[in-house]
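Since the structure comes first, as structure tokens, the remarks are kept for the end.
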Amino acid sequence: MSPDNSPQTVYAEARRGALTRVADPLAARARARRHRLYRRLLAPQPGETIVDVGCGPAGTGLAALEPEAAITGVDAAHRPGWATGARTFVQADARALPFEDSSFDIAYSNSVIEHLDPGERPRFAAELRRVAGRYFVQTPNRWFPVEPHVLLPGFQFLPRAARRKLWPLGVSHDAFTDIRLLDAAELRRLFGDALIVRERFAGITKSLIAVGPAGDLGLPPGAV
């Protein structure tokens, strides 16, 4: 379960309870702010083509927020019903995208890169930059106190065996996944030409976004 892709609420597919009742409206507001940031920094124009890598099920992801945009969804899982109108769907590995260089104007990816083994992340980052001229890549911040996939405090800092044992106490219905969150330093290494934007909650960085290439957007590389 990706915590930022869902049809009605961010945690629509999670186990319902007090944690999700609190998290749902907060995450929905964060997603709306993130979409406004995407529009402001990348300034997508009518007719530009977009690839959403890790698009999720039909009715989710960027397609739910950009109903008129020409979006190609890519996901490792088959997503029935995703392709409609101007939208197309390709089932593929994000580390080896089946597209020619510069096939798209924009590559978008939301809460996906943290699901990859750290050793595979450079391939993922390189593929996004290869197939599109501009990119917008979001991921939860490792140093935020609450792990977003399970909504348990400090969960990401525990040993793998402990995380596996405690996973059922979280909100996810999915089987245990060894998710290793990124910090700003790793994201900057992967996207060296990006502006790293910090999404904050109560003054603490909740999520990180690599937007770039910063020079093409008229922005200085670095972090804000």
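The listed peptides 109-115, 139-145, ordered by packing as a protection proxy, come out as 109-115, 139-145 (highest mean of other Cβ atoms within 10 Å first). Extension gain for the segment residue 102 to residue 76, taken as residue separation times 0.36 nm less the Cα-Cα distance, is 7.2 nm to one decimal. Couplings for the range 131-144, taken from phi via the Karplus curve 6.51 cos²θ - 1.76 cosθ + 1.60 with θ = phi - 60°, read 8, 9, x, 10, 8, 9, 10, 10, 7, x, 7, 4, 8, 5 Hz in order; Gly and Pro are left as x. Normalising by residue count, the range 29-157 has a Cα convex hull of 117 Å³ per residue.
Each peptide in 161-169, 43-51 receives the mean, over its residues, of other Cβ atoms within 10 Å, and ordering these scores from highest gives 43-51, 161-169.
Proximity of backbone amide H atoms, modeled 1.01 Å from N, is registered between residue 88 and 71, 72, 73 at under 5 Å, excluding neighbours fewer than 5 places apart on the same chain.
Among 129-137, 152-160, the peptide with the highest mean count of other Cβ atoms within 10 Å heads the list, and the full ranking is 129-137, 152-160.
Computed about its Cα centre, the charge dipole of the chain is approximately 880 debye, with only Lys, Arg, Asp and Glu carrying charge at their Cβ. Here the range 104-151 and the range 164-206 have alpha carbon centers that stand 9 Å from each other.
Read-outs throughout are calculated quantities, based only on the coordinates presented, and are distinct from any laboratory measurement. If you're wondering where the values come from, they're calculated on a predicted model, not measured in any experiment. With ideal geometry, Cβ positions are generated from the backbone for all residues, glycine too; neighbour counts draw on all protein chains shown.
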